[in-house]
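The values are calculated or read from the model by the stated rules, or taken from the named source; none is laboratory data. Here the structure is a predicted model, which is why all the values come from computation and not from measurement. Please note: Cβ atoms are built from the backbone with ideal geometry, for glycine as well, and neighbour counts cover all protein chains shown. For the accessible areas, the whole protein counts, side chains as well, though only heavy atoms, and no ligand, DNA or RNA atoms are used. Shrake-Rupley method; radii C 1.70, N 1.55, O 1.52, S 1.80 Å.
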Amino acid sequence: MSRLPFARSVTIMVDGMDQAKFGYLRDECMSAKDFSSFNRPRLHVIGALAHGHFTFFAVSEADMPKDSNLNADLLSHMLDLLARRGLHMDMMEVIVQSDNCIREVKNNTLMRLLGTLVGKRRLRRAELRQLMTGHSHEDLDQVFGRLAAYLASHNSVHTPQEFLAHKKRFLSEPGCRP
């Protein structure tokens, strides 16, 4: 329903990507034995997919908390982007789907946010759904897998800004993703 232009429902999938894929410095010289014990900095990457509308990635440094507050900010930003695209959010049902992780989405913070938005009539209705353990997000996991393969094909990544540049190219090149 979310993909149909006249639908009054939007499904948003949210998940964090495996941090091991976002370690930097990445370079051929780092594969030398002398560097094998180095701890490389990692980036937090949260992906969100608003079915029929857009794919969104939030990237932050590893020392930033990856918690429910970050996910509430991400969800609020996505709802704002949907409203800017012309959706009348006060008439929309929003379904947020995530994995079964208590830390990020399955908690009171997001329930309170969605409850407040419905109570203030910013949304018509909202649901927060968690998939069973051992699930696969299917769509979002496929995007993560393709992004990881795209990043693996670029051996030289030295800074977070270079990761962002590769991510932007991945999203903009039609041959990279479905």
Determine which single condition His88 fails, assuming it passes every other condition in (1) modelled with pLDDT of 85 or more; (2) surrounded by 14 or more Cβ atoms within 10 Å (Cβ to Cβ).
(2)
With the condition kept exactly as written, say whether any residue in segment 97-115 is modelled with pLDDT under 95 and within 14 Å of Arg8 (Cα to Cα).
no
Residue that is surrounded by the fewest Cβ atoms within 10 Å (Cβ to Cβ) [pool: residues in segment 116-135 that are at pLDDT below 85 and touching an Asp or Glu at 6+ places or on another chain (Cβ under 8 Å)]
His135
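Please specify each residue of segment 41-85 satisfying the condition of being of a type in the set (Lys, Arg) and either touching a Leu at 6+ places or on another chain (Cβ under 9 Å) or modelled with pLDDT under 80 (or both). Walk me through how you get there before you give the answer.
Taking segment 41-85 as the starting set, the residues that turn out to be of a type in the set (Lys, Arg) are 42, 66, 84-85.
Matches in segment 41-85: Arg42, Lys66.
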Picked from segment 51-73 (must be open to solvent by 30 Å² or more (accessible area, probe 1.4 Å) and charged (D, E, K, R)), the residue nearest to Val96 (Cα to Cα) is Asp73
